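Enquirer: There's a structure below that I have some questions on.
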Amino acid sequence: ADQGFADPWGLKPHLQSPIDLDGLVLATGVSAHELVSVLLEWQLQGWVSELPAGRFIWLHRQLPGA
């Protein structure tokens, strides 16, 4: 079943190792406001975890259902 995953800005590759919001903004050119919205959604879905010092990490090697 399709889990509704979408990564329009290609964030997932940048989340394979811990990265903070500033790093994601620099890497993608996407505004912090938009990134926070997506990262929060992904945390609720259990795909991303927020680490100490405001860093984020991808939790799954593959997309859900892949």
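None of the figures in this text is laboratory data; all of them are computed from the coordinates on show. Bear in mind the structure is a predicted one, so any value in this text is a computation, not a measurement.
Enquirer: Kindly write out, for region 47-52 in residue order, the coupling ³J(HN,Hα) from the Karplus curve 6.51 cos²θ - 1.76 cosθ + 1.60 (θ = phi - 60°), rounded to whole Hz, with x marking Gly and Pro.
Expert: Going residue by residue, I get 9, 10, 10, 8, 9, x Hz, with x marking Gly and Pro.
Enquirer: Further, regarding this structure: Work out how much length residue 6 to residue 26 would gain on full extension: take 0.36 nm times their residue separation and subtract the Cα-Cα distance, in nm to one decimal. Show your work: numbers first, answer last.
Expert: Working: separation 20, 0.36 × 20 = 7.20 nm, distance 2.04 nm.
Full extension of this stretch gives 5.2 nm more.
Enquirer: Across region 15-24, in residue order, what do the Karplus-derived ³J(HN,Hα) couplings come to in whole Hz, using 6.51 cos²θ - 1.76 cosθ + 1.60 with θ = phi - 60° and x for Gly and Pro?
Expert: Result, ordered by residue: 9, 6, 10, x, 8, 8, 4, 4, x, 5 Hz.
Enquirer: Right, another one. Would you grab the residues whose amide H sits under 5 Å from the one on residue 19? Only those 5+ places off in sequence or on another chain, please, with H modelled 1.01 Å from N.
Expert: 56
Enquirer: Report the gain in length on full extension from residue 60 to residue 37: 0.36 nm times residue separation, minus Cα-Cα distance, nm rounded to one decimal.
Expert: Working: separation 23, 0.36 × 23 = 8.28 nm, distance 1.93 nm.
Roughly 6.4 nm would be gained on extension.
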